[in-house]
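Only one structure is covered here, and it is reproduced in the block below.
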Amino acid sequence: MGSTKVESYFVFMSYDPEYERLRTLGTKRGAQELDLYLSTKHDELLASTLEPGTYKKTSSLVIVDGFAVEITQDQANVLRSAKGVRVVEKNEELF
């Protein structure tokens, strides 16, 4: 039986030359293009990998090619094997 507990995970993507190109532009327009590119890329990965309505992307990370998403452990395992994904890690709170 699969895990149903939803938790926050970080997903980091593999090397992407387009991300690197946009990141080095250093202009306001370049930053906007990078934001749009990453958000779309991350949304498309989730839509093509997980069932609609079963996850919630909470943010795309610009400083690294990654995003935060609320998913189950089983969904995290699915994302780990998705093309273009480098690392999937549960967000652990430190006290």
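Summary of values
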read-out	value
Given (1) of a type in the set (A, V, I, L, M, F, W, C); (2) touching a helix residue (DSSP H, G or I) at 6+ places or on another chain (Cβ under 6 Å); (3) within 17 Å of THR4 (Cα to Cα), index of the condition VAL88 fails	(3)
Residue satisfying condition, being among the aliphatic types (A, V, I, L, M) and without any contact (Cβ under 8 Å) to a residue 12 or more places away in the chain, within set LEU79, LEU36, LEU45, LEU50	LEU36
TYR37 vs. criteria within 21 Å of LYS83 (Cα to Cα), at pLDDT 95 or above and not in a helix (DSSP H, G or I)	no
Of all residues making up segment 40-65, the number that are part of a loop (DSSP other than H, G, I, E, B), among the hydroxyl-bearing types (Ser, Thr, Tyr) and surrounded by 16 or more Cβ atoms within 10 Å (Cβ to Cβ)	1
Answer residue from segment 66-95, given it is out of contact with any Ser or Thr (no Cβ under 8 Å at 6 or more places or on another chain), of a type outside the set (Lys, Arg) and not in a strand (DSSP E or B) and is surrounded by the most Cβ atoms within 10 Å (Cβ to Cβ) among those	ALA76
Selection from segment 1-30 of residues that are modelled with pLDDT under 95, surrounded by 12 or more Cβ atoms within 10 Å (Cβ to Cβ), closer than 25 Å to ASN91 by Cβ and small (Gly, Ala, Ser)	SER3
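The values are calculated or read from the model by the stated rules, or taken from the named source; none is laboratory data. Remember, predicted model here, so these are calculated numbers, not experimental data. Heads up, the Cβs are rebuilt from the backbone with ideal geometry, glycines too, and the neighbour counts pull from every protein chain shown.
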